[in-house]
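Heads up, the thing below is written out as structure tokens.
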Amino acid sequence: MKVMFADRTDAGRKLGRALARERWVAPVVLGLPRGGVPVAAEVARALDAPLDVVVARKIGAPGRPEFGVGAVTAEGPPYYSMAALHVFGLTPERMARACERERAEARRRLKAYRGDRPELSVTGRDVLVVDDGLATGVTAMAAVRQLPDALRVVLAVPVCAPESLVEFEGEVDGLVTLAAPKRFGAVGRWYADFDQVSDATVVRLLGTGRPSTTDGA
């Protein structure tokens, strides 16, 4: 296995150079916290674009919270993987309480990250949704589906699972990745340094200047 990136900053710089070769209309860069924000910060720098955040929370299977059957943002509709629901014998209706719990957490985190800064308008603009990698893609899917007013929605990640390229066809106007290795495994295996990103780091990169109360959550 060949490590592709030293850390998220390195990945963001490489992704930013690739994206800078394209022409964008008034681009806005949205990072998925927490790990996607350091990558997104470098992309925003490369494109000379404003940086903001889009918070999507994984909806975990009962008894298996690490296994995401769907995801939800602070305001948009939830997204469910029908295949994952089928595996656990679940329905969206049965996940409604878990969905609303995660939506409330998404709203709380969004306020903590953004502070009093107003949300950036994406109307008529190219929006690049950035994460540090794409495995199952449930949180990214929920994020891109809440941007109907954007001119174009492009999902940009340093590395992704090959099946994600198919999963997002028709969902976004483009998916930009530097690599889609066949033996993907986990996102972290492609980084030399994949330490957890703190909420304080997210706040600092977004420039809100507000203290965070969600570290370690």
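The values are calculated or read from the model by the stated rules, or taken from the named source; none is laboratory data. Worth saying up front: this structure is predicted, and the values here are computed from it rather than measured. Every residue, glycine as well, gets a Cβ built from its backbone with ideal geometry; the counts of neighbours run over all protein chains shown.
Residue-by-condition table, conditions (1) buried (at least 16 other Cβ atoms within 10 Å of the Cβ); (2) within 18 Å of the chain's Cα centre (by Cα); (3) farther than 19 Å from Gly207 by Cα; (4) at pLDDT 95 or above:
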site: Val72; (1), (2), (3), (4): yes, yes, yes, yes
site: Glu75; (1), (2), (3), (4): no, yes, yes, no
site: Met95; (1), (2), (3), (4): yes, no, yes, yes
site: Arg101; (1), (2), (3), (4): no, no, yes, yes
site: Leu120; (1), (2), (3), (4): yes, yes, no, no
site: Arg125; (1), (2), (3), (4): yes, no, yes, yes
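Which residue is nearest to the chain's Cα centre (by Cα), if the candidates are limited to region 182-217 and must be assigned to a loop (DSSP other than H, G, I, E, B), hydrophobic (A, V, I, L, M, F, W, C) and at pLDDT 95 or above?
Val197
Limited to region 34-76, what total is found for residues that are in a loop (DSSP other than H, G, I, E, B), closer than 27 Å to Phe88 by Cα, touching a residue at least 12 places away in the same chain (Cβ under 8 Å) and not hydrophobic (A, V, I, L, M, F, W, C)? Full working, then the answer.
In the first step, residues of region 34-76 are kept if they are in a loop (DSSP other than H, G, I, E, B); the result is 34-35, 48-50, 54-55, 62-63, 74-76.
Imposing the further condition that a residue be closer than 27 Å to Phe88 by Cα reduces the set to 55, 62-63, 74-76.
So of that shortlist, the ones also touching a residue at least 12 places away in the same chain (Cβ under 8 Å) come out as 55, 62, 74-76.
Narrowing the set further to residues that are not hydrophobic (A, V, I, L, M, F, W, C) leaves 62, 75-76.
Counting residues in region 34-76 that are in a loop (DSSP other than H, G, I, E, B), closer than 27 Å to Phe88 by Cα, touching a residue at least 12 places away in the same chain (Cβ under 8 Å) and not hydrophobic (A, V, I, L, M, F, W, C) gives 3.
Yes/no per residue for (1) exposed (fewer than 14 other Cβ atoms within 10 Å of the Cβ); (2) in contact with an Asp or Glu (Cβ under 8 Å, 6 or more places away or on another chain):
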residue: Leu147; (1), (2): no, no
residue: Leu151; (1), (2): no, yes
residue: Ala161; (1), (2): no, no
residue: Glu169; (1), (2): yes, no
residue: Leu178; (1), (2): no, no
residue: Arg183; (1), (2): yes, no
residue: Tyr191; (1), (2): no, yes
residue: Val203; (1), (2): no, no
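Output yes when any residue across region 4-26 is crowded, with 19+ Cβ neighbours inside 10 Å and polar (S, T, N, Q), and no when none is.
No: zero hits.
Residues in region 160-183 that are more than 18 Å from Asp132 (Cβ to Cβ) and among the hydrophobic types (A, V, I, L, M, F, W, C): how many?
Result for region 160-183: 1.
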